[in-house]
Amino acid sequence: MKQLSYYRLLFVALLGVAFYSPLNTLPFYIAVFWLAFELLNAQKLYTGQSYSRFSNLALLSLPIFVLLVRNHWVPYYLEGIAGYNIMEHALFAFTFCLYLDCLLLCWQKIRVSGIGMLLLFNGIGIVNELFQNAVSGEPLTAFSAEDWKDIGVNGVGSILFYLIKQIMKSMKNID
């Protein structure tokens with residue numbers, strides 16, 4: 001339980017720093033991750049799982065990575081910007097799918113199929129791009145090349161989650 005208190009303190013710090021980030025949607029995303037963290041850790045079904053510590057660390061690590069990259073606290077060259085952005089979206093997709101899977105298990109007591117998770121997450125990813133366009137004052141339905149890249153990398157990250165989940169499921173069946 002003490003570990004959760006440290007994580008909460010880190011979320012407070014992350015949220016405070018995010019308000020000074022050049023990415024104006026970052027405080028919203030950190031708040032969503034913090035809410036997911038709190039919702040999951042309030043569920044005995046989740047906290048009783050062996051993977052809950054890994055999941056908590058993943059949910060906290062992604063906002064830390066994004067803050068480091070978006071505030072340019074990690075030195076990189078011009079070509080590194082695209083690499084960091086791709087890594088950010090792939091990690092976001094994987095982490096968000098992990099938490100979505102955990103939340104659905106706790107709330108519905110069932111697992112959503114892997115394909116269902118892919119469709120659900122990628123639908124959320126498209127809505128996210130629309131949200132970002134609305135916040136930045138761009139036309140809602142006009143996706144830029146960067147938006148399409150982000151949607152594609154989100155798809156790759158969610159497929160990676162699906163593949164790892166399938167591998168872990170098959171390893172359990174081997175035992």
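The values are calculated or read from the model by the stated rules, or taken from the named source; none is laboratory data. Since the model is a prediction, treat every value here as computed from it, not as a measurement. Because the Cβ atoms are built from the backbone with ideal geometry, glycine has one as well, and the counts that use them run over all protein chains shown. With ligands, DNA and RNA removed, areas are computed over all heavy atoms of the protein, side chains included. Shrake-Rupley method; radii C 1.70, N 1.55, O 1.52, S 1.80 Å.
A few remarks follow.
- The modelled label-to-label distance for the pair LYS169/ASN85, using points 7 Å beyond Cα in the direction of Cβ, is 3.4 nm.
- From the Kirkwood radius over Cα pairs of the chain, Stokes-Einstein at 37 °C and 0.692 mPa s returns a whole-number translational diffusion coefficient of 190 µm²/s.
- Simple spin-label estimate for SER50 and LEU23 gives 3.3 nm between the two label positions (7 Å along the Cα-to-Cβ direction from each Cα).
- Counting only protein heavy atoms and using a 1.4 Å probe, the accessible area of PHE28 comes to about 100 Å².
- Label-to-label distance for LEU35 and TRP107 is 1.0 nm, based on points extended 7 Å past Cα in the beta-carbon direction.
- Residue-normalised accessible area of the chain, given per residue in Å² at a 1.4 Å probe: 58 Å²
- Projecting the Cα positions of LEU26, GLN49, ILE64 onto the charge dipole of region 1-88 (unit charges on Cβ atoms of Lys, Arg, Asp and Glu, taken about the Cα centre) puts GLN49 furthest along the positive direction.
- Take the Cα of ALA13, go 7 Å toward its beta carbon, and the backbone nitrogen atoms of region 28-71 under 15 Å from that spot belong to 60-68.
- Extension gain, ILE64-VAL127: 0.36 nm per intervening residue step, less the Cα-Cα distance, totals 20.3 nm.
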